[in-house]
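A short worksheet on the structure shown next.
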Amino acid sequence: MIETPQVAVLTGFGINCDLETMAVFEMAGARAHRVHVNQFLNGSADLEDYHILAVPGGFSFGDHLGSGRILGNRLRFGLREQVRAFVKSGRPVIGICNGFQVLVKMGLLPGDDEVSLQQSASLTLNDSGHYEDRWVTLEFNRDSPCIWTKGLERMRTPVRHGEGKFVTPSQELLDQLHSAGQLVCRYIDPNDQYPSAGDEALPYPLCPNASMRNIAGVCDPSGLVYGLMPHPEANHSQWLGATWTREGGQTDTDQTSPTNGHSGDITTAVAGQGEGMAMFRNAVEYVRNNL
């Protein structure tokens, strides 16, 4: 059993959410390491030494040629076999915002059983025509195999992106992803009763980018690789929540959250932690119980 999972958090070339991504994994009980992309490429660091890989948000390579494209290509062609071996060995991967764009454009998401790294979807310009910086509400697919979201129902989290519209070449592919549970989370109207996520397009700004079927995040067939446009790491503590002061500015010592990466029905008091932390605790517990 691995007591303290080791997390590789990528940095370099415009990635700027690495420190907060490290912080949430440390808060979840892991040991986070800030690793420059070039350290993996030149062999001074080895992906095999880590249990979780996180690709944080930011503006990698200035978003030249499209958000996530250049870094995605560097990983797809420079670390192809390391990445494939990492996923096939059962180790979790997460891409947040620009990291999600990277995983999609390198072909790791939505992915396939062979981890072939063939791109089958994309993230393109928001229909609003501008950068979106706002809070949204997500609803999670309770039937998804995603190990990161077990036991989660809804979450409030910020988005910060200009190219977050998830698209695929066909509705047939979306149907396949839906059947496999790979459409992990969607933007929803927080006033609707749970569950409410559906295929009907939500109005702006409830869905801030006009993603197909309001998709905010997807996983690969194994449920180990997960990417989403919103920033759960930006809601790691209750005082970061969008409505914290309106709710009296008090830390809720009775808050409960899932801690078991499989069942999602074991809860523990997590005083002061924000809604986004459950996702990272799920991954840490998964590694502890399975690697």
Exercise. With the checklist (1) crowded, with 21+ Cβ neighbours inside 10 Å; (2) closer than 13 Å to Thr11 by Cα in hand, flag the one item Leu108 doesn't pass.
Key: (2)
Quiz item: So is Ile52 buried (at least 16 other Cβ atoms within 10 Å of the Cβ), within 20 Å of Leu291 (Cβ to Cβ), in contact with a Pro (Cβ under 8 Å, 6 or more places away or on another chain) and not small (Gly, Ala, Ser) or not?
Solution: yes
Quiz prompt | Selection status of Arg186, modelled with pLDDT of 95 or more, in contact with a His (Cβ under 8 Å, 6 or more places away or on another chain) and of a type outside the set (Asp, Glu) | solution = no
Quiz prompt | Positions within region 237-252 being touching a Gly at 6+ places or on another chain (Cβ under 7 Å) and at pLDDT 80 or above, in sequence order | solution = Ser237, Gln238, Leu240, Gly241
Practice problem: Among the residues of region 129-153, write down those that are among the basic types (Lys, Arg) and free of Cβ contacts under 8 Å to residues at least 60 places away in the same chain. | Solution: Arg142
Practice problem: Inspect region 137-147 for any residue being closer than 30 Å to Gln193 by Cα and of a type in the set (Ser, Thr, Tyr) and give the result as yes or no. | Solution: yes
Exercise. Kindly indicate whether any position in region 68-84 is closer than 23 Å to Pro5 by Cβ and exposed (fewer than 15 other Cβ atoms within 10 Å of the Cβ).
Key: yes
Self-check item: Those residues of region 1-27 which are over 20 Å from Cys97 (Cβ atoms) and in contact (Cβ under 8 Å) with a residue 60 or more places away in the chain, in sequence order
Solution: Met1, Ile2, Glu3, Pro5
Quiz item: Given the structure, is Pro205 out of contact with any Lys or Arg (no Cβ under 8 Å at 6 or more places or on another chain) and either surrounded by fewer than 24 Cβ atoms within 10 Å (Cβ to Cβ) or modelled with pLDDT of 95 or more (or both)?
Solution: no
Quiz item: Quick check: anything in region 185-195 in contact with a Gly (Cβ under 9 Å, 6 or more places away or on another chain), in contact (Cβ under 8 Å) with a residue 60 or more places away in the chain and surrounded by 17 or more Cβ atoms within 10 Å (Cβ to Cβ)?
Solution: no
Quiz prompt | Restricting region 1-49 to residues that are farther than 18 Å from Gly72 by Cα and among the polar types (S, T, N, Q), the residue that is surrounded by the most Cβ atoms within 10 Å (Cβ to Cβ) | solution = Thr21
Self-check item: Those residues of region 111-137 which are acidic (Asp, Glu) and either over 18 Å from the mean Cα position of the chain (by Cα) or surrounded by 22 or more Cβ atoms within 10 Å (Cβ to Cβ) (or both), in sequence order
Solution: Asp113, Glu114, Asp127
Self-check item: Yes/no for Phe61 being in contact (Cβ under 8 Å) with a residue 40 or more places away in the chain, among the hydrophobic types (A, V, I, L, M, F, W, C) and either surrounded by fewer than 20 Cβ atoms within 10 Å (Cβ to Cβ) or out of contact with any strand residue (DSSP E or B) (no Cβ under 9 Å at 6 or more places or on another chain) (or both)
Solution: yes
Quiz item: Residue check, Thr157 against (1) under 23 Å from Glu200 (Cβ atoms); (2) out of contact with any Pro (no Cβ under 7 Å at 6 or more places or on another chain); (3) surrounded by 14 or more Cβ atoms within 10 Å (Cβ to Cβ), all met but one. Which one?
Solution: (2)
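The values are calculated or read from the model by the stated rules, or taken from the named source; none is laboratory data. Keep in mind the model is a prediction, meaning the values are calculated, not measured. Cβ: placed from backbone, ideal geometry, glycine included. Neighbour counts: every protein chain shown.
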